Amino acid sequence: MNLPLTALLRDDRKLPANLFHVIHAATSANTHRAYAHAFRQFARWCGNRDLSDRTLAEYVSYLYHDRNLAPSSISVAVAAIKRMVKAMGRDLGWSLTTEAVAGMRRLGKERGRGQSQGLTYEDFVLCMNTAEQQRPHETEHRARRRAKQDQVIIALLFMARLRRSEVAALEWRDVQDGQTNDTLLVQVRASKTNQEGRPDYRLLKGIAAQAVHALRWLGHEPTRKVVGLSPQQLARRFQACCEYAGLKGKLA
């Protein structure tokens, strides 16, 4: 019997209790976060559709063709849904989903790099979450330090809409607390588009502000660079974050 997905959700900000327990039984906190995010994305897409093999297969096609995600990222979403259903004692067979995933992987080997494209907010959240995952050959300590810096880079480029040169020039004295605990104001000094140095402030909020807070708590001096990388290094780090999140093409 198919399951109405809406019956499994209290709202789109919380996970149902059964999925909560499944996620916490995962192998690591990083898997926990990846599965939680994957399920929320699936739930928003589903709407009033039933949770079925056909629905998940259609979702695989949507992620691949419409969202242009890589097979590795799509597989995370599939694993999250399958694990939840298994924990509920249900068996949906997954024959259509299995075929869709296999076809996606075959096509993925032939798909080249696309044209430059902008990140959506969903892409931004995905990059922020996957930045925390430990990379091959990284120690746990190194992964934590790298992730904090990567998340700040993503937040400043996407949420604050800064140019790479502006991020490279940003100092801690340019970051001010906002009116609430989850907001920050970033002052952009003279730049390519503001050569006169007119006051230009960008607002960071939510997870973007939290990322900057987390890096600042590690210790800073007012005139010290926030990130400490050149524009070219920032471009490579940002592109690596996007690729690790499964986003294809040259992202901006």
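Some points to look at:
- Sorted by Cβ neighbour density within 10 Å, fewest at the top, the residues Lys86, Lys225: Lys86, Lys225
- With bins 10 Å wide beginning at 0, the percent of Cα pairs of segment 132-182 falling in each bin runs 21, 40, 31, 7, 0.
- Nearby aspartates and glutamates by direct alpha-carbon distance to Lys225 (threshold 13 angstrom, same-chain neighbours under 8 apart not counted): Glu166, Glu171, Asp174
Read-outs: derived from the displayed coordinates by stated rules, not from any lab. Just so it is clear, the structure is predicted and the values come from calculations on it, not from any experiment. Because the Cβ atoms are built from the backbone with ideal geometry, glycine has one as well, and the counts that use them run over all protein chains shown.
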